[in-house]
1. When only residues in the stretch 75-100 that are of a type in the set (A, V, I, L, M, F, W, C) and in contact with a Phe, Trp or Tyr (Cβ under 8 Å, 6 or more places away or on another chain) count, which is farthest from Pro157 (Cα to Cα)?
2. Might you check whether a residue that is modelled with pLDDT of 95 or more, over 17 Å from Lys106 (Cα atoms) and of a type in the set (Gly, Ala, Ser) occurs anywhere in the stretch 81-90?
3. Can you say whether Tyr58 is touching a residue at least 60 places away in the same chain (Cβ under 8 Å), in a loop (DSSP other than H, G, I, E, B) and open to solvent by less than 50 Å² (accessible area, probe 1.4 Å), as far as the supplied structure shows?
4. For the stretch 140-169, which positions are touching a residue at least 24 places away in the same chain (Cβ under 8 Å) and at positive phi?
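The values are calculated or read from the model by the stated rules, or taken from the named source; none is laboratory data. Owing to the predicted nature of the structure, the values given are computational and were not obtained by experimental measurement. All Cβ positions, even for glycine, are placed from backbone atoms using ideal geometry, and neighbour counts span all protein chains on display. Quick note on the areas: whole protein, heavy atoms, side chains included, nothing else; ligands and nucleic acids left out. Shrake-Rupley method; radii C 1.70, N 1.55, O 1.52, S 1.80 Å.
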Amino acid sequence: MRRLLSAIAATSLLLTGFPALTSAQSLPGFTLFSGVKGENQLPFRLDFGGQTNGWDRYRLRIPGQRMKLAVAQFAITYPNYYEGIFDPKKIEVRVKGKAVKLSEVKWDKESKLISIFPEEPVPAGSGVELVFSNVKNPSFGGMYYFNCQVLSPGDVPLLRYMGTWILSIS
């Protein structure tokens with residue numbers, strides 16, 4: 001009887017732990033030795049698991065406490081070795097779950113820069129989600145550092161560092 005109960009307990013532990021492992025692939029985890037301080041790492045989600053050479057949707061988040069000033073432009077840079085493809089027409093900014101109207105989205109492939117211009121500045125203290133739909137992931141897996149810089153309205157025209165998303169494509 002003990003053996004039967006032990007086997008049932010071990011099986012149930014394995015079965016309940018398995019879904020947690022598979023869903024964790026799309027969320028940022030605890031990153032050791034990334035070179036980016038913990039307070040500068042931004043949360044994200046890859047809706048379709050971040051599979052190489054697959055289509056995906058990136059949800060790049062900026063918590064409200066990091067948004068100390070209003071934002072008139074988001075500038076996202078990514079590494080030279082990232083060979084994915086973005087669809088600028090399918091990029092949106094969401095504040096409190098609602099889409100913000102954008103005046104322009106530019107993708108400069110040579111500079112590895114995506115610039116997003118909301119029609120009206122995003123208010124300070126608002127949690128922001130940058131949604132990149134219709135993204136073609138690179139054919140090779142790896143860790144990709146997407147850096148976020150912002151420009152505040154009426155500010156000196158210098159971009160300020162907001163944080164880094166560490167995306168893992170596998």
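1. Quick first cut of the stretch 75-100, residues of a type in the set (A, V, I, L, M, F, W, C) only: 75-76, 85-86, 91, 93, 95, 99-100.
Filter once more, so that each one left must be in contact with a Phe, Trp or Tyr (Cβ under 8 Å, 6 or more places away or on another chain): 76, 86, 91, 93.
Values: Ile76: 16, Phe86: 26, Ile91: 23, Val93: 21 Å.
Ranking the candidates gives Phe86 first.
2. Among the residues of the stretch 81-90, not one is modelled with pLDDT of 95 or more, over 17 Å from Lys106 (Cα atoms) and of a type in the set (Gly, Ala, Ser), which makes the answer no.
3. Working: touching a residue at least 60 places away in the same chain (Cβ under 8 Å): yes; in a loop (DSSP other than H, G, I, E, B): no; open to solvent by less than 50 Å² (accessible area, probe 1.4 Å): yes.
Criteria not met by Tyr58.
4. Gly142, Gly163
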